[in-house]
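> Take a look at the following structure, please.
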Amino acid sequence: MSAPPPVPAETTKSLGNGDTARASLEALRSEIAKAVVGQDSAVTGLVVALLCRGHVLLEGVPGVAKTLLVRALAASLELDTKRVQFTPDLMPSDVTGSLVYDARTAEFSFQPGPVFTHLLLADEINRTPPKTQSSLLEAMEERQVTVDGTPRQLPDPFLVAATQNPVEYEGTYPLPEAQLDRFLIKLTVPLPSREEEINVLTRHSEGFDPRDLQSAGIRPVAGPADLEAARNAVARTKVSPEIAGYVVDICRATRESPSLSLGVSPRGATALLSTARAWAWLTGRDYVIPDDVKALALPTLRHRIHLRPEAEMEGVTPDSVITAVLAHVPVPR
């Protein structure tokens, strides 16, 4: 998945104020680039997740700007953001909030946890026990937190960007397949190229401070109103029966792959259709084509399949399986 190109006005069909929203979201890339070098695909993936009201699993080694990316996105969208470092001793209430006794009033009052924000960075989510993982995943699914029988709505928009370290598994609690399926997309955040890394060092030598985004010149270029208009426009993006059938055929083909013990579920098929619609709209169309499905297949499906042990030993990867499926399934014309 690469960043969508700017859309010429003459080729863009009118979607009301969705056109203005698209232009605002297009400006995000250049604004975030003031702080984050490269990672255009990750930026676009996060925007797609926001448009689909989904959540993102970010996988990358430490030091590739995952935290900075989320903070820069929040600053460019004028949204609140919080970060939680997941550790083995983190309790569910540390994430969702809890009732605290007030001696002055002799009553319990609710103290919101860090989950009450627009963009939550759940750093190294696999380092905390399943009970705490589940508390966050419940909030992601229900968009609310229930404490002492009282439901409390989370802000809208609400996105969780959970990170995982792909090279260190000692002392971790890997997310089971059923929980991974709750994430809309999984993005891999790669190491920068040599030129990009030189650019990073040059910025730091010139005084760039990743903790001070305002001094980096990042300003809000879009807001919640633009995001809502964009979501409404995405909801009007047309899907033909042939495209729906193509998505289903791709997902069913994964269930028949000899390399997999678990294929894509119907929820995964729904997710792929949603992300393809968002991608189609971002690229300036009000209808989905097969290329939109192909563009989002890897990030949307790679975490929803499970390799057989013998396939892993042979060097097969989730991405290679999905790529093979895309090459095999007939494309509608």
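The values are calculated or read from the model by the stated rules, or taken from the named source; none is laboratory data. Since this is a predicted model, take the numbers as computed values, not measurements. Using ideal geometry, Cβ is built from the backbone for each residue, glycine included, and neighbour counts are taken over all protein chains shown. Accessible surface areas use protein heavy atoms only, side chains included; no ligands, DNA or RNA. Shrake-Rupley method; radii C 1.70, N 1.55, O 1.52, S 1.80 Å.
> Using the basic label-point model (7 angstrom from Cα toward the beta carbon), what is the E141 to D209 distance in nanometres?
Taking the two extended label points, one gets 4.3 nm.
> Another one. Just name one of A225, L213, A235: the one whose Cα is farthest towards the positive end of the charge dipole of the stretch 191-245 (beta-carbon charges, Lys/Arg +1, Asp/Glu -1).
Result: A235.
> Let me ask something additional. Please find the FRET efficiency linking E177 to T150, where r is the Cβ-Cβ separation and R0 is fixed at 45 Å, and quote it to the nearest 0.05.
The pair E177/T150 has a calculated efficiency of 0.90.
> Something else: At a 10 angstrom cut-off on C-beta neighbours, averaged per residue, how do the peptides 65-72, 91-98, 310-317 rank from highest to lowest?
Output ranking for 65-72, 91-98, 310-317: 65-72, 91-98, 310-317.
> For the stretch 113-223, what does the alpha-carbon gyration tensor say about shape, rounded, prolate or oblate, given a ≥ b ≥ c as the root eigenvalues, a/c under 1.5 as rounded, and a/b over b/c as prolate?
Since a/c reaches 1.5 but b/c is at least a/b, the shape of the stretch 113-223 is classed as oblate.
> Next question, about the same structure. Whenever you get a sec, line up H55, H328, H118 from highest to lowest accessible area (probe 1.4 Å, protein heavy atoms).
Ranked list, largest accessible area first: H328, H118, H55.
> Using Stokes-Einstein with the Kirkwood hydrodynamic radius over Cα pairs, what translational diffusion coefficient do you get for the stretch 179-227 at 10 °C and a viscosity of 1.306 mPa s, in µm²/s rounded to a whole number?
Once the numbers are plugged in, D ends up at 110 µm²/s.
> Going toward the positive end of the dipole of the stretch 42-159, with +1 on Lys and Arg Cβ and -1 on Asp and Glu Cβ, which of M140, F108, L120 do you reach last?
Looking along the dipole axis, the top candidate is L120.
> Can I ask one more? Sort 33-42, 125-134, 274-283 by the packing proxy (mean of other Cβ within 10 Å over each peptide's residues), most packed first.
274-283, 33-42, 125-134
> Note down the nm distance, to one decimal, between modelled labels 7 Å out along Cα→Cβ at R308 and at D291.
Modelled inter-label distance: 3.6 nm.
> Arranged from highest to lowest average of other beta-carbon atoms within 10 Å per residue, in what order do the peptides 206-217, 222-233 appear?
222-233, 206-217
> Using alpha carbons only, how many angstrom separate the centre of the stretch 119-133 from the centre of the stretch 287-314?
24 Å
> Now for a different question. Which entries of K66/K294; K66/K131; K186/K294 show an alpha-carbon separation above 23 angstrom in the structure shown?
Table pairs above 23 Å Cα-Cα are K66/K294; K66/K131.
> Using a Förster distance of 22 Å, how high is the FRET efficiency between L201 and K82, based on the Cβ-Cβ distance and rounded to 0.05?
The calculated FRET efficiency here is 0.15.
> Let me ask you something else. Relative contact order of the stretch 125-243, please, whole-number percent, based on alpha carbon pairs below 8 angstrom and at least 6 residues apart.
Over the stretch 125-243, the number comes to 22 percent.
> Subtracting the Cα-Cα distance from 0.36 nm times the residue separation, let me have the gained length for S98 to S30 in nm, one decimal.
20.5 nm
> Then there's this: With a 1.4 Å probe and all protein chains kept in place, how do R302, R152, R252 rank by accessible area, largest first?
R252, R152, R302
> Once you keep just the Cα pairs under 8 angstrom separated by 6 or more residues, what percentage relative contact order results for the chain?
Computed value for the chain: 23 percent relative contact order.
> Can you bin the stretch 143-291 into rounded, prolate or oblate? Criterion: square roots of the alpha carbon gyration tensor eigenvalues sorted a ≥ b ≥ c, rounded for a/c under 1.5, prolate for a/b above b/c, oblate for the rest.
Verdict is rounded for the stretch 143-291.
> Is the C-alpha gyration tensor of the chain telling us rounded, prolate or oblate? Criteria: a/c under 1.5 is rounded; beyond that, a/b larger than b/c is prolate, otherwise oblate.
It comes out rounded by the Cα gyration axes.
> Moving on. Ignoring ligands, DNA and RNA, what percent of the accessible area of the chain is carbon or sulfur (1.4 Å)?
53 percent
> Quick one: putting +1 on the C-beta of Lys and Arg, -1 on the C-beta of Asp and Glu, what dipole do you get for the stretch 18-165 around its Cα centre, in Debye to the nearest 20?
That gives the stretch 18-165 a dipole magnitude of about 240 debye.
> Using 0.36 nm times the number of residues separating K238 and F110, minus their current alpha carbon distance, what extension gain do you get?
Extending this stretch completely gives an extra 41.7 nm.
> Nothing charged except the Cβ atoms of Lys and Arg (+1) and of Asp and Glu (-1): what's the magnitude of the dipole of the chain about its Cα centre? Round to the nearest 20 debye.
Here the chain has a charge dipole of around 700 debye.
> Also, I was wondering about something else. Go ahead and estimate [θ] at 222 nm for the chain from helices alone: -39,500 (n - 2.57) per DSSP H run with n ≥ 4, summed, over the residue count, rounded to 500.
Helix-only estimate at 222 nm: -13000 deg cm²/dmol.
> Taking only protein heavy atoms and a 1.4 Å probe, what accessible area per residue, in Å², does the stretch 158-198 have with all protein chains in place?
Result: 53 Å² per residue.
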